[in-house]
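Report on one structure; see the data block that follows.
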Amino acid sequence: MDKLAAFGRLGLDIIASLGRSGRFLAGVLGGVSKPSVAFPLLLKQLYSIGVLSLAIIVVSGLFIGMVLGLQGYTILSDYGSEAAIGQMIALTLVRELGPVVTALLFAGRAGSALTAEIGLMKTTEQLSSMEMMGVDPLRRVIAPRLWAGFIAVPILAAVFSVVGIWGGMLVGVEWLGVFEGSFWGNMQSSVSFTNDVLNGVIKSVVFGFVCTWIAVYQGYDCVPTSAGISSATTKTVVYSSLAVLGLDFVLTAVMFGDF
Amino acid sequence: MYPHIEGCNQFARVAPTPRRLLGTGMDTSPYIELRDVVFARGDRRIFDGVSLDIPRGKITAIMGPSGTGKTTLLRLIGGQLRPDSGTITVAGENVPRLKRKALYRLREKMGMLFQSGALFTDLSVFENVAFPLRVHTSLPEDMIRDIVLMKLEAVGLRGARELMPAELSGGMTRRVALARSIALDPELIMYDEPFAGQDPIAMGVLIKLIRDLNSSMGLTSVMVSHDVKESLSICHYACIVADGQIIGDGTPEEIKAHPSEQVQQFLHGHPDGPVPFHYPAADAGQDWGITGRSR
Amino acid sequence: MAQRTTEVIVGLFMIVGIAAMMFLALQVSGLAPKAPESSYTLYANFNDAGNLAPRAKVSMAGVTVGKIREITLNRETFQARVVIDVNRSVDNIPADSSAVIRTSGLLGEQYIDISVGGDMESLGDGDTFYSTQSAMNLERMISNFASGQ
Ligand SMILES: Nc1ncnc2c1ncn2[C@@H]1O[C@H](COP(=O)(O)OP(=O)(O)OP(=O)(O)O)[C@@H](O)[C@H]1O
Ligand SMILES: [Mg+2]
């Protein structure tokens, strides 16, 4: 009986936390600051969560593209259709790996940092003191970070895909000798702009939003102690990863499910 | 960067307005009124029906043993916590009932010095003090600079303006935070332990500063402090919180001559008396596992 | 960091992002920046449309001249009725040309190849291909071969 009650309480806790995060989101998006104030803040966040994530994205994209090139070549050359390697690499990256891996890397690199930063601001009462100065931390601290993540992730995902395709071309065309014309030709005839590229961008927009939302919410809602911050950071990475993978399935089913 | 320079209009915010100066002389209604405030954390009632008036334009000291809820009281006044019942009126507005926007507008008139200082760690000392000015006014940069340096001078840290908060000592942090909380010249300042960690000279400077702020600009000041002697020397009015109640209040003279045993114990710091030094706990014998054994 | 430097770096970051998206659009998906060419409609009826799908290409002599708009079942003849959009610039397809479903490579996608006839008349908007050749069905071919027909 006790276990049942505990289980019910857990369920209620989860629902309450979901409700809090929704209200939190409404608070962040509801208030619009003056552009002259908001823009420099946004810029700073774009720098620290977007530009500074570029290195890890480029390096990972390059390696993933090269691995795709190698694996694709070995499999496709069995059927004598190694020219389809371009199409395979491009579709995998643009549809799936670009948005998904970028979001996972982003959650680990920038999301955890956001959570820790905001959590520490809460623990050291910086958020409280801001409130007491008549400045809403949701607008001043949280909103620029949320928007920056929302803007940065699609850009990072596009960069990831491009670098990956370039890496795949490096392996496939330069090293393994696939004919360059058929590499690009195959790719262009099979990748459709609306179905593949745009859907990939939509995915990365959704992932960017969800990852940053989870990160800033976990920071804002953390228990203000060092243990609280560390568990919030862990939660950010775990929840973001699960949310990205789960949402990816749902989005893929919706976008590509009809054929 | 600051396109809307409306010099005189904005300047009114940082210089005392005539209205406020007049007000101190004529308006005698309390600035803050607490009525039957009940506030509980979990099962523990921190305040159990507290009523308190904080007079306008005066320095009020709030004293009491550690952990009795002095900081909590300040947070209730600032609207960061809501009481379970009772009303809290600040400048004629019922704080717990205020809508978000009105609450933030009211807070612009308040300054609060946090117990931990709560400086923004990513901004320098200068920028910390400039923060409220930049957010709430559109003063030109050189005027902001002058005001910030003036405030830092008042707390003796003009030379430290380029330092980052991580490079400050605890006492310096507190003084920078104080400079920041008075940057906008608020109507109400709440100091949470302004003297903790200060050497005697800094303490003397702070006492003078608090007194000057009050007398020259007619600020209403609420000061939480454990330093009985210093607090009683500058406040106009003091109250002592313990056990979720106000156990004594009045002018410093009244407090010193208070008949209550609890108040006297607190003022003189006797370890034994009606005020419990210990946080409520189970019977000591139980915790050490010696129940049922005779000693 | 100075505000100015941040601005420039973030600006570069945005440009890199936009360039990457342009690259994905133009180079990877081969989206031509020109407006879609105006087209006219032809119909073809097949006994078996196989794996033919909307948006698959339609080519003549290996050159793409149009794409498939939709595939429906004709309720009277139980044939697949394929609606084809052909580019306006190709307005002289001989009337006796036939539409053939082919597969690109061994395992690739299916598309329609128009094998050119010799008629002086050409197909116009709304016309139907007179002769068609359905998808080659590997399974059926093998079973036909095995049963010796
Ligand atoms: N976030 C919280 N959650 C639960 N209980 C809390 C919380 N913050 C404070 N308390 C409890 O509320 C009581 C009052 O705390 P408060 O910080 O107001 O004390 P204080 O009078 O300011 O003490 P001090 O003089 O040591 O600063 C304490 O007993 C503390 O245990
Ligand atoms: Mg306290």
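The values are calculated or read from the model by the stated rules, or taken from the named source; none is laboratory data. In this text the structure is predicted, and so the values were computed from the model without any measurement. Neighbour counts are summed over all protein chains in view; Cβ atoms, including those assigned to glycine, are modelled from backbone coordinates with ideal geometry. The protein model used for the area step is the full one, side chains on, heavy atoms only, and it has no ligands, DNA or RNA in it. Shrake-Rupley method; radii C 1.70, N 1.55, O 1.52, S 1.80 Å.
Computed values, structure above
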{"read-out": "Candidates A:Val51, A:Val59, filtered to the one that is assigned to a helix (DSSP H, G or I), at pLDDT 95 or above and farther than 22 Å from A:Asp221 by Cα", "value": "A:Val59"}
{"read-out": "Set B:Ile46, B:Ile77: member being under 20 Å from B:Gln115 (Cβ atoms), more than 9 Å from ligand 1 (Cβ to nearest atom) and aliphatic (A, V, I, L, M)", "value": "B:Ile77"}
{"read-out": "Unmet requirement for B:Gly170, which otherwise passes all of (1) at negative phi; (2) at the interface with chain A (Cβ under 10 Å from one of its Cβ atoms); (3) within 16 Å of ligand 2 (Cβ to nearest atom)", "value": "(2)"}
{"read-out": "Filtered residue count, the range A:143-152, keeping only those that are at the interface with another protein chain (Cβ under 10 Å from one of its Cβ atoms) and surrounded by 24 or more Cβ atoms within 10 Å (Cβ to Cβ)", "value": "2"}
{"read-out": "Enumeration of residues in the range A:223-250 that are open to solvent by less than 10 Å² (accessible area, probe 1.4 Å) and either among the hydroxyl-bearing types (Ser, Thr, Tyr) or outside any helix (DSSP H, G or I) (or both)", "value": "A:Thr236, A:Ser240"}
{"read-out": "Output for the range B:94-150, where each listed residue is closer than 12 Å to B:Ala179 by Cα, among the small types (Gly, Ala, Ser) and away from ligand 2 (no atom under 16 Å from the Cβ)", "value": "B:Gly111, B:Ala130"}
{"read-out": "Qualifying residue in the range C:100-118 (condition: among the hydrophobic types (A, V, I, L, M, F, W, C) and within 14 Å of chain A (Cβ to nearest Cβ))", "value": "yes"}
{"read-out": "Every residue from the range B:190-211 that is outside any loop (DSSP other than H, G, I, E, B) and more than 16 Å from ligand 2 (Cβ to nearest atom)", "value": "B:Pro200, B:Ile201, B:Ala202, B:Met203, B:Gly204, B:Val205, B:Leu206, B:Ile207, B:Lys208, B:Leu209, B:Ile210, B:Arg211"}
{"read-out": "Residue in the range C:81-120 that is most open to solvent (accessible area, probe 1.4 Å), counting only those that are among the β-branched types (Val, Ile, Thr) and assigned to a loop (DSSP other than H, G, I, E, B)", "value": "C:Val116"}
{"read-out": "Residues that are more than 16 Å from ligand 2 (Cβ to nearest atom) and not aliphatic (A, V, I, L, M), drawn from the range B:65-93", "value": "B:Gly79, B:Arg82, B:Pro83, B:Asp84, B:Ser85, B:Gly86, B:Thr87, B:Thr89, B:Gly92, B:Glu93"}
{"read-out": "Candidate set from the range B:90-123 (those that are assigned to a strand (DSSP E or B) and either touching a Pro at 6+ places or on another chain (Cβ under 7 Å) or open to solvent by 30 Å² or more (accessible area, probe 1.4 Å) (or both)); member that is farthest from the other protein chains (Cβ to nearest Cβ)", "value": "B:Asn94"}
{"read-out": "Unmet requirement for B:Ala61, which otherwise passes all of (1) within 14 Å of chain A (Cβ to nearest Cβ); (2) within 16 Å of ligand 1 (Cβ to nearest atom); (3) open to solvent by less than 20 Å² (accessible area, probe 1.4 Å); (4) not in a helix (DSSP H, G or I)", "value": "(1)"}
{"read-out": "Check on A:Tyr79, open to solvent by 10 Å² or more (accessible area, probe 1.4 Å), over 25 Å from A:Leu245 (Cα atoms) and within 14 Å of chain C (Cβ to nearest Cβ)", "value": "yes"}
{"read-out": "Residue in the range A:116-128 that is of a type in the set (Ser, Thr, Tyr) and either in contact (Cβ under 8 Å) with a residue 40 or more places away in the chain or within 14 Å of chain C (Cβ to nearest Cβ) (or both) present", "value": "yes"}
{"read-out": "Matching residues, the range B:131-167, being open to solvent by less than 50 Å² (accessible area, probe 1.4 Å), outside any loop (DSSP other than H, G, I, E, B) and within 12 Å of chain A (Cβ to nearest Cβ)", "value": "B:Phe131, B:Pro132, B:Leu133, B:Val135, B:His136, B:Pro165"}
